[in-house]
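Take a look at the structure below.
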2 protein chains.
Amino acid sequence: MKLITRNTDYAVRALCCIAEQKQEVISADQLVKSLEMPRPFLRKILQTLNKEGLLNSSKGKDGGFALAVAVSPGEITLTDVMKIFQGSIRLNECKFKKSDCPEIENCSLKKKIDEIEKEVFIKLKAITISSLIKKEVK
Amino acid sequence: MKLITRNTDYAVRALCCIAEQKQEVISADQLVKSLEMPRPFLRKILQTLNKEGLLNSSKGKDGGFALAVAVSPGEITLTDVMKIFQGSIRLNECKFKKSDCPEIENCSLKKKIDEIEKEVFIKLKAITISSLIKKEVK
DNA sequence: CAAAATGATACAATTATAGTATCATAATGA
DNA sequence: TCATTATGATACTATAATTGTATCATTTTG
């Protein structure tokens with residue numbers, strides 16, 4: 001049972017790293033060095049984050065990734081990243097073979113799990129990239 | 001992302017069904033009829049619940065399953081069942097390839113997820129079989 | 001035009017989940 | 001005793017999600 005997949009985890013770490021550093025642009029290779037994760041996997045993740053609009057990319061020499069201009073680290077939430085890599089956030093799927101469980105409407109278990117899910121969602125939404133970056137003492 | 005697997009879900013439904021009905025013993029076949037789930041899968045689940053001490057089983061004609069004498073529906077929690085079928089409850093695995101992530105000790109993401117996990121655990125523990133059984137109006 | 005970066009995309013490995021199938025064993029009653 | 005009816009044990013299979021790898025195309029820069 002995992003709340004967060006490796007995809008999401010790596011993406012979050014990468015976003016933190018990108019947000020933390022001062023240069024405008026950082027390449028996948030540089031990120032691999034500081035984050036110690038598989039290069040092709042990270043590259044794929046970075047491409048996705050770019051497509052989803054969280055990052056900007058630039059090609060060629062001195063190219064790489066930067067936070068998209070429109071977004072600030074305080075605005076990127078864990079749920080944003082989870083949605084991108086894990087789809088919709090549902091603790092409780094209630095599948096019965098291929099279709100929904102016929103009891104879905106009056107299932108007391110589902111009701112209780114739904115309540116938990118709601119609270120988890122609120123808490124996950126409160127976790128932003130900036131909240132994960134260590135505040136350094138100046 | 002699923003909090004509860006089908007194993008657990010079926011087991012919980014079966015336990016509710018067993019706890020609800022008045023006869024001492026109910027067979028797998030009878031449970032399949034009321035619960036509409038695959039017979040061999042349910043059988044395996046019932047066997048596991050028996051091994052784990054939540055159910056008692058009896059063989060032969062009029063055999064079947066009953067709640068173990070030592071346990072009451074109010075004492076069986078969702079976490080008990082989850083532990084049996086899903087192993088330890090961890091929202092946050094922090095695996096890095098095969099071993100733990102080297103940053104596990106000072107990972108701010110892990111710290112935050114751990115907090116959420118603690119609360120989820122408390123809430124799951126509050127869900128008992130008896131709390132899931134519909135109170136019927138007499 | 002070469003070098004250095006990302007883009008796109010197809011493929012493969014591993015693991016967890018969700019089952020199925022089969023035969024052995026025990027209890028019951030005619 | 002023996003057929004019936006139940007569970008016990010266990011091995012096997014299918015599917016899907018996760019976690020990657022590999023390759024080639026494209027763009028930018030000097």
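Every read-out reported here was derived from the displayed coordinates using simple, explicitly stated rules and does not represent laboratory data. Just so it is clear, the model here is predicted, and its values are computed rather than measured. Cβ atoms come from the backbone with ideal geometry, glycine included; neighbour counts cover every protein chain shown.
Using the crude model of +1 on Lys and Arg Cβ and -1 on Asp and Glu Cβ, and no other charge, please compute the dipole size for chain A relative to its Cα centre, in debye to 20.
Dipole magnitude for chain A comes out near 340 debye.
Summary value for chain A: 28 percent relative contact order, contacts being C-alpha pairs under 8 angstrom separated by 6+ residues. Its Cα gyration tensor gives the protein assembly as shown an equivalent ellipsoid, and the semi-axes of that ellipsoid, as √(5λ) in whole Å with the largest first, are 46, 17, 17.
Count charges around A:GLY53 for me, please; just the other residues with Cβ under 14 Å from its Cβ, Lys/Arg as +1, Asp/Glu as -1. Around A:GLY53, the charge tally is -1.
In summary, the range A:1-107 shows an alpha-carbon radius of gyration equal to 1.32 times the 2.2 N^0.38 Å reference for compact globular proteins.
Using Cβ point charges alone (K and R +1, D and E -1), the dipole size of the range A:1-79 about the Cα centre works out to roughly 320 debye. Checking the cross-link pairs A:LYS110/B:LYS123; B:LYS51/B:LYS123; A:LYS33/B:LYS112; A:LYS111/B:LYS51; A:LYS123/B:LYS125 against a 21 Å limit on the alpha carbon distance flags B:LYS51/B:LYS123; A:LYS33/B:LYS112; A:LYS111/B:LYS51 as lying beyond it.
Nm distances between the label at B:GLN30 and the same-position labels in the remaining copies, 7 Å along Cα→Cβ, shortest first? Shortest to longest, the spacings are 7.0 nm. Under the simplified labelling scheme, the B:ASP29-B:LYS83 pair shows an inter-label distance of 3.6 nm, with each label point 7 Å from Cα along Cα→Cβ. Label-point distances for B:ASP114 to the equivalent site in the other copies, using a point 7 angstrom along Cα→C-beta, read 3.4 nm when ranked shortest first.
With R₀ fixed at 25 Å, the C-beta to C-beta distance from B:SER130 to B:ASN50 puts the FRET efficiency at about 0.80. One chain, two ends: A:GLU36 and A:LYS22. Fully extended at 0.36 nm per residue, the span grows by 3.0 nm beyond their Cα-Cα distance.
With its label point defined 7 Å out from Cα along the Cα-to-Cβ axis, A:LYS61 lies at 9.2 nm from the matching points of the other copies, in increasing order.
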